[in-house]
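The structure under discussion appears below in the form of structure tokens.
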Amino acid sequence: THFEEFKYFTGVKILQNNFFNGCSNLTKLELPTSLTTINMGALSALGITSIFIPENVTKLNLDAFGYSKKLINIEVSPLNPMYFSQDGCVYVIDYSNSLYALAPALTEYIMPDNVGAVYGDGDVVWKNGRSLKKVTLNHSVKNVSGRWFLYGFDDLMEIAGPEDHPDINFYNGC
């Protein structure tokens, strides 16, 4: 890909699977406010370091950002009814404020106290955290089960809980 910036595409409602996949020279991307859906791989393998998710996006695939090795910040519009962002991560607004997606270039993730659960497609939670080295869980996490870490967590060296919450149980494929 030879272009570095992409904006002014109005009226687009859905970014289909792999829409921008592999546009590694793309360093600036402005998503349209008309956008409602970001499908699998739509923002994968880009050169962007930050992205803003508009308020109308109500369907965001867990694999939307995979392999974007420079992406360290995902920000969601404060007017978005489905998702919110904090510290570069995306969360689902529901009864538990569930973690949904990490920016692929994050090296450390500390789960905020206001996050009550972790969400994933089926039982898969985080994919393509290629740079992630350390995860610190919060007080609300009792069990770590299922496939929390899938695809490319080769550098993950530590999963920790709060010092005063040593009773986290790890099961099945972490």
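The values are calculated or read from the model by the stated rules, or taken from the named source; none is laboratory data. Being a predicted model, the structure only gives us computed values, none of them experimental. Using ideal geometry, Cβ is built from the backbone for each residue, glycine included, and neighbour counts are taken over all protein chains shown. We work out accessible area using only protein heavy atoms, side chains counted, and drop any ligands, DNA or RNA first. Shrake-Rupley method; radii C 1.70, N 1.55, O 1.52, S 1.80 Å.
Computed quantities for the displayed model
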read-out: Stretchable slack from Lys134 to Ile159, in nm (0.36 nm times residue separation minus alpha-carbon distance); value: 8.4 nm
read-out: log10 of Debye I(q)/I(0), alpha-carbon scatterers only, for the range 2-79 at 0.14, 0.21 Å⁻¹; value: -0.38, -0.91
read-out: Calculated from backbone phi, Karplus (6.51, -1.76, 1.60) coupling profile of the range 51-67 in Hz, x at Gly/Pro; value: 8, 10, 9, x, 5, 8, 6, 10, 10, 10, 5, 4, 8, 4, 9, x, 6
read-out: Estimated FRET transfer efficiency (Gln86, Thr107; beta-carbon r; R0 22 Å; 0.05); value: 0.85
read-out: Exposure ranking of Phe65, Phe9 by accessible area [1.4 Å probe, largest first]; value: Phe9, Phe65
